[in-house]
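Below is one structure, written out as structure tokens; comments come after it.
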Amino acid sequence: MKEKPWIDVSIPLTNDMGVWPGDKPFNFRLSYTKEQTKSVNIGEMSTSVHTGTHMDAPFHYDNDGKKIHELDVSLFIGPAKVVDVRGHEVIGRKELEAFNLDGVSRLLLRSLDRADSSFPERYPILKEDIGPFLKEKGIHLIGTECPSVDPVDSKHLPAHHALYQNGVYILENLVLKDVKPGLYELIALPLSIHGGDGSPVRAVIREL
């Protein structure tokens with residue numbers, strides 16, 4: 001049987017992409033051209049580690065939390081379930097109880113249907129009760145199309161902490177608008193940035 005194709009569900013990194021308000025924008029440029037070096041082009045980039053599709057390390061919101069290079073890579077590879085929760089301004093236990101999540105360890109929320117890489121003016125957030133609910137279900141990773149699981153102006157980050165306290169890791173800024181609900185294989189590996197509070201991710205899925 002022919003294998004299903006891999007689907008890229010990450011935001012391309014471009015110099016005109018939207019970023020978190022006040023964060024360092026993404027920039028790529030050639031620092032040396034092939035004409036200059038006589039052999040190769042050499043590029044360089046600068047960015048916040050939370051630009052585009054990215055993984056949060058617990059250190060992002062807890063000084064005692066693990067940094068990105070300390071996380072087990074197996075957390076980010078394996079079966080995942082995509083569910084459609086569009087139409088909800090907040091998502092928690094009540095909204096997710098409508099889905100069969102038995103045996104699910106990674107959950108991806110089609111929540112926004114973002115059309116481009118601009119920063120969304122509004123996006124749905126997660127309720128604090130989602131942390132205990134996901135732990136009950138045995139889910140250790142949640143992915144969302146939104147740039148954060150908390151409001152853009154939040155300083156206390158209740159959803160981040162509720163997920164962290166229940167052993168759930170956070171993958172943000174996915175692109176799932178052309179992905180139908182169902183079971184998939186996920187690969188969403190962060191870079192091994194020593195001491196990092198997060199990392200850009202090239203996230204791909206393949207239908208199971």
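No other residue among Lys38, Lys34, Lys67, Lys81 is more than 20 Å from Ser192 (Cβ to Cβ), touching a residue at least 12 places away in the same chain (Cβ under 8 Å) and basic (Lys, Arg) apart from Lys81. Return yes when Val49 is in a loop (DSSP other than H, G, I, E, B), farther than 16 Å from Ile187 by Cα and in contact with a helix residue (DSSP H, G or I) (Cβ under 9 Å, 6 or more places away or on another chain) and no when it is not. Here the answer is yes, as Val49 does meet what is asked. Residues of region 94-104 that are exposed (fewer than 14 other Cβ atoms within 10 Å of the Cβ) and not basic (Lys, Arg): Glu97, Ala98, Asn100, Asp102, Gly103. Within the option set Leu112, Leu108, Leu176, being modelled with pLDDT of 95 or more, under 15 Å from the mean Cα position of the chain (by Cα) and either within 19 Å of His60 (Cβ to Cβ) or in a loop (DSSP other than H, G, I, E, B) (or both) holds for one residue only, Leu176.
Within region 65-80, restricting attention to residues that are in a loop (DSSP other than H, G, I, E, B) and not charged (D, E, K, R), the residue that is surrounded by the fewest Cβ atoms within 10 Å (Cβ to Cβ) is Gly65. The set of residues in region 115-147 being in a loop (DSSP other than H, G, I, E, B) and among the basic types (Lys, Arg) consists of Arg122, Lys127.
When the test is whether a residue is among the small types (Gly, Ala, Ser) and more than 22 Å from Ala98 (Cβ to Cβ), Gly167 passes it.
Has region 32-43 got any residue that is surrounded by fewer than 13 Cβ atoms within 10 Å (Cβ to Cβ), among the aliphatic types (A, V, I, L, M) and in a loop (DSSP other than H, G, I, E, B)?
There is at least one residue in region 32-43 that is surrounded by fewer than 13 Cβ atoms within 10 Å (Cβ to Cβ), among the aliphatic types (A, V, I, L, M) and in a loop (DSSP other than H, G, I, E, B).
If you check Arg106, Arg86, Arg110, Arg93 for being closer than 17 Å to Arg202 by Cα and of a type in the set (Lys, Arg), only one passes: Arg106.
Candidates are the residues of region 81-93 that are more than 22 Å from Leu208 (Cβ to Cβ) and of a type in the set (A, V, I, L, M, F, W, C); the one that is surrounded by the most Cβ atoms within 10 Å (Cβ to Cβ) is Ile91.
The values are calculated or read from the model by the stated rules, or taken from the named source; none is laboratory data. All values reported here derive from a predicted model rather than from experimental measurement. Here the Cβ is made from the backbone with ideal geometry for all residues, glycine too, and neighbour counts use every protein chain on show.
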